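Only the coordinates and a few stated rules stand behind these numbers; no lab work does. Predicted model, so just to flag it, every value in this text is computed and none were measured. Counting neighbours? That spans all protein chains shown, and the Cβs are built from the backbone with ideal geometry, glycine included.
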Amino acid sequence: MTTHPAPPGAGAPSRLDPEPLTRRDFLGLSALWAAGATMLFAALGIMRLPKAAVLPSPSKRFKVTLPASLGPGETFVPPGRAVALSREGGEVRAVSMVCTHLGCIVKPDEKGFHCPCHGSRFRADGSVEKGPAPKALPWLAVSAGDGDTLIVDEGKIVPASRRT
Amino acid sequence: MSDAAPRPAGARFLANLRAAPRRLAQTAFRSGSPRTDRTRSTFVFGNVFLHLHPVRVHRWSLRWATTWGLGLASVSAFLITLLTGVLLMFYYKPYPEAAYLSIKDIHFVVPTGRFIRNLHRWAGNVMVVAVLLHMARVFYTGAYRKPREFNWVVGMLLLVTTLGLAFTGYLLPWDQLAFWAITIGANIAQSPRELTDALGVTGWFDPGGFQKLILLGADDVGAEALIRFFLLHVMILPIVMVMLVGVHFWRVRKDGGLTRPADADARLGPAAGIHPAFTEAPRKTYQLAAIVRGRTPQVGRGPEGTLPSMPHLFYAELAALMVTVFLCLALALASDAPLKELANPAVPENPAKAPWYFLGLQELISYSAFMGGIGIPVIVLLGLALIPYLDREEQGTGAWFGGPGGGRLVLGAAAFGFASVLALEAFAIRWGWIREWWPDAPQILITFVNPGTVLSLIYALYSLWLVRRYDSTRAGALGLFTCFLCGFVVLTVIGFHFRGPNWDFFWSPSHWPAH
């Protein structure tokens with residue numbers, strides 16, 4: 001530590017005054033902070049990697065044709081998809097079959113759906129009848145395709161306000 | 001040229017060549033052959049692999065009843081999983097389908113493959129048991145107290161890492177059990193949504209969804225999830241584990257070895273047949289590790305009541321290793337590691353059970369995913385980590401249950417712990433919980449009022465009552481730890497044995513409906 005001469009006009013420096021920062025200390029501290037900031041940004045950059053920009057999931061939209069024999073109150077599950085389709089009046093309803101508790105695939109039964117993993121029960125419209133599921137099975141968006149074909153979008157949930 | 005002339009270069013070369021093996025040994029082991037206590041001490045002190053040991057060890061530390069060798073059993077089981085895990089990696093392929101087929105190859109085709117896989121699986125299970133028992137031992141002998149507080153916290157991290165290793169290994173076979181256990185696990189990571197949904201903030205603040213995305217690398221369990229779990233299982237978590245184990249051991253040494261009661265020497269009686277290394281004051285001081293006893297070097301004083309680590313401590317360690325190896329071998333020969341059908345994302349396994357050490361949590365999850373899977377485990381771990389900072393007493397350190405009277409307190413707490421968890425579970429199984437009585441109950445109510453949180457609250461209140469009654473934080477800690485141990489055991493047994501398809505209650509798996 002080098003001592004600086006007191007500025008002209010000021011009294012003799014007291015030992016209680018903070019020591020002035022020497023140039024060497026300043027450069028050392030700057031280097032330390034620069035190194036720290038570099039490490040921090042490097043770490044942030046590394047942490048950016050595990051979250052993919054594009055998810056490798058297959059398309060969530062699929063085409064389906066309801067079997068003509070599907071009567072009212074019956075559900076149709078397209079092979080390989082966790083969606084229950086049923087005719088309600090003149091409309092088609094698509095209820096997701098992924099349990100809202102912990103993601104098991106629920107099974108349709110005469111009263112609605114039940115989950116094999118932790119015993120949740122849902123009514124036919126997806127609302128919760130028995131725990132532990134925290135919320136109702138969502139309804140999925142259905143739109144008309146060519147002819148009898150329907151297009152179901154598993155990624156698009158129909159908000160409760162727009163249900164018909 | 002005189003008689004003293006050096007020998008010809010050729011002869012010197014030959015002599016050096018002849019001496020090379022001896023010199024190689026001398027330079028590799030500089031302290032010479034360890035034949036006396038003093039050279040053994042130097043040997044331990046100067047060897048990179050042995051120097052984590054103390055040079056001399058107190059007789060109290062060598063009693064079986066001090067530790068039951070549980071810490072050593074944990075690390076022995078870890079070494080077995082390391083060795084067998086590396087062997088399994090010769091054949092394992094971390095891609096869906098290929099993973100399942102490679103496990104089948106290991107089981108049916110690879111020479112000794114089935115046995116090595118069994119050994120890996122059983123050593124992992126033995127490690128979990130040993131770690132839990134080790135934690136109980138450290139707790140009940142008060143070994144977390146000053147100056148060992150932080151090592152108890154490192155122990156908590158080791159427990160979490162052990163469970164993490166066990167859980168990540170569960171997905172790798174890519175069978176039905178693995179697939180659905182990981183689906184459930186990943187959705188537990190997502191379960192903070194239970195809370196954020198109730199608050200209506202999931203749209204812009206979604207830690208649950210982020211956790212699941214980072215864990216799976218996709219929306220669902222698939223190839224990305226498998227490679228991530230593989231990476232965690234064989235690379236990230238083992239490195240974390242080795243580093244934490246190193247810190248744990250290092251601090252055991254720096255904190256003065258194992259905890260012993262203040263009157264350990266008196267209770268052990270005179271050291272018959274022990275020849276102290278120093279019959280008089282040591283000639284050298286700081287150079288000799290043998291003078292280090294306790295936490296500071298004591299100059300000019302012989303290390304009474306201690307024995308040389310070589311061979312006494314090494315024999316004890318070897319015995320713990322051998323018992324662990326024997327146990328794992330016997331289990332691996334008696335029982336095969338399971339392999340169910342190939343993972344099928346359309347049909348859940350019923351019942352989809354996690355490995356046994358998570359079944360207590362799974363029982364709580366069947367009421368509230370967030371509280372059972374994240375809330376209560378975090379509260380329990382934080383509570384455990386806080387114990388050494390709340391219990392600042394010194395009486396009874398090193399004695400089981402803190403000395404006389406402690407045993408009765410622990411028995412009482414065990415009775416209370418068992419009674420409350422059994423009563424609460426019986427109630428919930430017989431009459432259901434809030435959703436059954438009131439189907440439209442707000443989820444936030446169930447998140448905060450469910451058997452798991454009620455039980456934790458009962459235990460916490462009981463422990464506070466103990467603190468007041470005995471006027472001692474230690475009494476409260478003893479009660480709380482015992483209660484949670486009882487709760488863990490009962491919930492695990494219920495999840496393991498009494499839960500069947502649809503997570504319904506059955507008195508025996510033989511009553512499960514055929515499907």
| field | Neighbour-count order for B:W503, A:W139, fewest beta carbons within 10 angstrom listed first | value | A:W139, B:W503
| remark: For A:K156 and B:F314, extending 7 Å from Cα along the Cα-Cβ vector and measuring point to point gives, in nm, a value of 7.3 nm
| query | Taking the Cβ-Cβ separation of B:F427 and A:T38 as r and a Förster radius of 60 Å, what is the calculated FRET efficiency to the nearest 0.05? | reply | 0.55
| query | Where the centroid of each part is defined by its Cα atoms, how far is the range B:335-369 from the range B:37-67 in Å? | reply | 44 Å
| Distance from the range B:412-428 to the range B:142-180 (C-alpha centre basis), Å | 26 Å
| field | For the range B:131-147, Karplus couplings with θ = phi - 60° (6.51, -1.76, 1.60), whole Hz, Gly/Pro x | value | 5, 5, 5, 4, 4, 4, 4, 4, 5, 6, 9, x, 7, 8, 6, 3, x
| At R0 = 41 Å, FRET efficiency that the Cβ-Cβ distance of A:S14 and B:I239 yields, to 0.05 | 0.15
| remark: Yeah, chain B with a ≥ b ≥ c from its alpha-carbon gyration tensor (a/c under 1.5 is rounded, else prolate when a/b outruns b/c, oblate otherwise) is oblate
| message | Just to be sure I understand the model, the point goes 7 Å from the Cα along the line to the Cβ. What's the resulting B:I227 to B:A20 distance in nm? | response | 4.8 nm
| said: Going Cα to Cα from B:K146, which lysines come in below 21 Å? Please leave out same-chain ones fewer than 8 positions away. | reply: B:K254
| Rounded to 10°, Cα long-axis angle of helix B:237-254 versus longest principal axis of chain B | 50 degrees
| request: Quick one: order B:H107, B:H51, B:H120 by neighbouring beta-carbon count within 10 Å, fewest to most. | output: B:H51, B:H107, B:H120
| note | Fewest to most Cβ atoms within 10 Å: A:H114, B:H53, B:H511 sort as B:H511, A:H114, B:H53
| field | Relative contact order, percent, chain B [alpha-carbon distance under 8 Å, six or more residues apart] | value | 20 percent
| note | Of the listed pairs A:K51/B:K340; B:K104/B:K212; A:K63/A:K111; A:K63/A:K135; A:K135/B:K212, those with alpha carbons more than 23 Å apart are A:K51/B:K340; B:K104/B:K212; A:K63/A:K111; A:K63/A:K135
| Measuring from label point to label point, each 7 Å out along Cα→Cβ, what is the B:D504 to B:L331 span in nm? | 3.3 nm
